[in-house]
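Student: Below is one structure. I have some questions about it.
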């Protein structure tokens, strides 16, 4: 259910056709950038909500980058 505090956190993997270097990390608000050997970049990390995800996707669009895929992965919250 939306807004459920007990729901697992969402982690996203966003794959881009272009290569981005490390200086873009701060622009993408803490997502980890990984350069793939074939020239693609993979952004991974937690995105708090759909509004924040849309913000990341808008930045990709505004930079004129080619979006290959967006995958949501579930992470279980850890106790502690």
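No value in this document is a laboratory result; all are computed from the given coordinates. These numbers were taken from a predicted model, which means no experiment stands behind them. Note that each Cβ is placed from the backbone with ideal geometry, even for glycine, and that neighbours are counted across all protein chains shown.
Student: Among 13, 18, rank each residue by its count of other Cβ atoms within 10 Å, from fewest to most, as a rough exposure measure.
Tutor: Values: 13 16, 18 13.
So the ranking, lowest neighbour count to highest, is 18, 13.
Student: Related question: What is the ratio of the Cα radius of gyration of the stretch 10-74 to 2.2 N^0.38 Å, where N is its residue count, to two decimals? Walk me through the intermediate numbers first.
Tutor: Numbers: Rg = 10.8 Å, N = 65, 2.2 N^0.38 = 10.7 Å.
Cα Rg divided by the expected 2.2 N^0.38 Å: 1.00.
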